[in-house]
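Asker: Would you mind keeping the following structure in view while I ask a few things?
The values are calculated or read from the model by the stated rules, or taken from the named source; none is laboratory data. Since this is a predicted model, take the numbers as computed values, not measurements. All Cβ positions, even for glycine, are placed from backbone atoms using ideal geometry, and neighbour counts span all protein chains on display. Heads up: the accessible areas ignore ligands, DNA and RNA and are worked out on the full protein's heavy atoms, side chains in. Shrake-Rupley method; radii C 1.70, N 1.55, O 1.52, S 1.80 Å.
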Amino acid sequence: MRLEVDEERLIETMEEQAEIGATDDGGLHRLTLSDDDERIRDWLREEMEELGLDVRVDAFGNMFGRREGTEDLDTVLLGSHLDSQPYGGIYDGALGVVAALEFVRGLEEEGIETAHPVEVVNWTNEEGSRYQPAMQGSGVWAGVHDIDEQYDQTDEDGNRFEDELERIGYKGDVPAEPTEEYEAYLELHIEQGPYLEEGDHDVGVVTGIVGFTWGAITYHGEADHTGPTPMEYRSDALVAAADVITQIRRIPGTLGERTVGSTGYIDAKPNSINIIPGEVTFTWGFRDPDDEIVEEAYQRVLAEAEAAAEREGVDWEWEERMRAPAVEFADQCVEAVAGAADDAGYDARRIFSGAGHDATHMTEHMDTGMVFAVSENGKSHSESEYTSWEDCHAAVTTYVNAAYELATEDR
Ligand SMILES: [Zn+2]
């Protein structure tokens with residue numbers, strides 16, 4: 001059988017959640033552990049309780065709503081996040097939590113029981129804007145981050161994470177770790193890229209998440225007067241950095257079809273109009289679905305950095321700050337999503353995610369999959385983020401039927 005999604009109800013629910021933390025320009029400003037985060041959590045708790053779910057909150061604020069299954073089987077976990085970027089959009093994260101709610105609503109409405117227990121989850125601080133790192137709640141839960149270290153993170157105003165979690169009343173008493181046996185995790189998210197729209201597809205079957213390397217290079221030149229110093233005497237740290245930054249832009253074009261790279265941060269010292277820059281630190285970031293290409297990009301940027309240091313006569317050092325291997329999703333999840341899209345008559349495209357998601361951390365513990373909804377112009381983390389209701393409906397319909405498949409089958 002196929003579950004139908006009531007489009008009117010989906011729209012109403014999306015509009016309702018978007019009122020909490022709404023901006024004047026139709027976006028969402030719902031930073032983690034803010035007063036609006038408290039309000040949206042209260043809203044979710046109420047929605048879950050109305051559906052008869054057994055609600056629990058863990059010690060890191062992750063919220064779960066459990067519906068028992070008819071058999072003694074592992075749990076299927078469904079959800080995403082309700083926090084937003086500063087002046088972000090109303091779909092990023094929220095559509096995934098609403099989709100999980102819609103699944104349970106569909107079951108309740110049809111009086112369907114599933115063999116597996118199912119849980120709806122709202123992960124704490126996926127966005128990583130007020131507190132770092134991103135995907136913090138799912139990372140703690142999955143055992144990737146130490147909870148005490150994360151409690152001690154502070155925001156720009158010096159507010160400790162744990163204090164803020166207590167302030168909004170969402171430091172729960174359940175340990176922030178898997179307290180059940182889990183079968184699978186399924187997350188719906190907007191694509192945040194242009195590929196689905198470009199190909200005129202209805203929905204995305206996510207097959208994995210790109211791997212990446214992040215790091216920083218520092219050049220030590222010689223700070224000096226920009227006037228009297230002859231050109232051949234200069235060791236300009238910023239010139240060396242500029243050479244490498246343009247290469248970081250060019251390297252992806254010589255590697256894979258999906259390779260991307262940028263410099264997102266630069267710090268030049270002393271950063272004064274009349275001084276040759278003596279010290280410059282900047283970052284690289286490369287992503288690709290293929291770990292070997294990520295490694296190649298990493299080797300290339302270091303080779304470029306060394307060549308630039310020689311040309312400019314500056315010393316240099318580097319540090320790789322993070323390396324994440326590409327993640328491939330489990331067959332049973334990918335096929336459940338592809339099958340659900342197919343059954344509903346949607347034109348689905350298999351796609352790799354170019355961004356990290358809470359799903360990344362779930363792969364450590366259980367079979368994982370994702371559904372992507374079309375993102376108009378590929379835009380996100382912005383008030384102009386947009387997915388039509390029709391595209392929301394297609395993605396949610398695909399999602400609930402894939403979830404149904406995972407929760408029904410005895411594997
Ligand atoms: Zn998100």
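Asker: Which pairs do you get when a residue that is free of Cβ contacts under 8 Å to residues at least 24 places away in the same chain, found in region 173-195, comes within reach of a residue that is within 16 Å of the ligand (Cβ to nearest atom) and open to solvent by less than 40 Å² (accessible area, probe 1.4 Å), reach meaning Cβ atoms under 7 angstrom, with the pair 6+ apart or on two chains?
Answerer: Going by the 7 Å Cβ cut-off, there are no qualifying pairs.
Asker: Please pick out the residue among 335, 319 that is assigned by TED's automatic domain parsing to the domain that holds residue 216 and out of contact with any helix residue (DSSP H, G or I) (no Cβ under 6 Å at 6 or more places or on another chain). So that I can check it myself, show each step before the final result.
Answerer: Details: 335 fails: assigned by TED's automatic domain parsing to the domain that holds residue 216.
It is 319.
Asker: Okay, next question. Could you list, in sequence order, all residues of region 26-42 that are open to solvent by 30 Å² or more (accessible area, probe 1.4 Å) and under 17 Å from residue 16 (Cα atoms)?
Answerer: Selection gives 26, 29, 35, 36, 38, 39, 42.
Asker: Given (1) surrounded by 14 or more Cβ atoms within 10 Å (Cβ to Cβ); (2) at pLDDT 95 or above, identify the lone condition not met by residue 380.
Answerer: It fails just one condition, (2).
Asker: Something else: Given the conditions (1) within 13 Å of the ligand (Cβ to nearest atom); (2) out of contact with any strand residue (DSSP E or B) (no Cβ under 6 Å at 6 or more places or on another chain); (3) not aromatic (Phe, Trp, Tyr), report the number of the one that residue 164 does not fulfil.
Answerer: (1)
Asker: Could you list all residues from region 259-278 that are part of a strand (DSSP E or B) and buried (at least 20 other Cβ atoms within 10 Å of the Cβ)? Can you show your working first?
Answerer: Initial filter on region 259-278 (part of a strand (DSSP E or B)): 260-262, 266-269, 275-276.
Scanning region 259-278 gives 261, 276.
Asker: Oh, and also: Step by step: first the residues of region 115-142, then only those that are polar (S, T, N, Q) and assigned to a loop (DSSP other than H, G, I, E, B), then the one that is farthest from the ligand (Cβ to nearest atom). Which residue is that?
Answerer: So, considering only residues that are polar (S, T, N, Q) and assigned to a loop (DSSP other than H, G, I, E, B), the one farthest from the ligand (Cβ to nearest atom) is 132.
Asker: How many residues are modelled with pLDDT under 95 and hydrophobic (A, V, I, L, M, F, W, C) when one looks only at region 355-370?
Answerer: 1
Asker: Is there a residue being more than 15 Å from the chain's Cα centre (by Cα), farther than 19 Å from residue 79 by Cα and hydrophobic (A, V, I, L, M, F, W, C) anywhere in region 357-376?
Answerer: no
Asker: Suppose the filter is at pLDDT 95 or above, more than 16 Å from the ligand (Cβ to nearest atom) and open to solvent by 30 Å² or more (accessible area, probe 1.4 Å); does residue 169 pass it?
Answerer: When the stated conditions are applied, residue 169 passes them.
Asker: Among the candidates 120, 55, 98, which residue alone is among the hydrophobic types (A, V, I, L, M, F, W, C) and free of Cβ contacts under 8 Å to residues at least 40 places away in the same chain?
Answerer: 55
Asker: Can you pull out every residue in region 172-223 that is within 19 Å of the chain's Cα centre (by Cα) and part of a loop (DSSP other than H, G, I, E, B)?
Answerer: Across region 172-223, the qualifying residues are 191, 192, 193, 194, 210.
Conditions tested, residue by residue: (1) of a type in the set (Phe, Trp, Tyr); (2) outside the structural domain of residue 55 (by TED's automatic domain parsing); (3) away from the ligand (no atom under 16 Å from the Cβ).
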{"site": "190", "(1), (2), (3)": "no, no, no"}
{"site": "195", "(1), (2), (3)": "yes, no, yes"}
{"site": "200", "(1), (2), (3)": "no, no, yes"}
{"site": "215", "(1), (2), (3)": "no, yes, yes"}
{"site": "218", "(1), (2), (3)": "no, yes, yes"}
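Asker: Here is a further query. Away from the ligand (no atom under 16 Å from the Cβ), of a type in the set (Val, Ile, Thr) and crowded, with 18+ Cβ neighbours inside 10 Å: is that true of residue 174 in this structure?
Answerer: So residue 174 does not fit the description; no.
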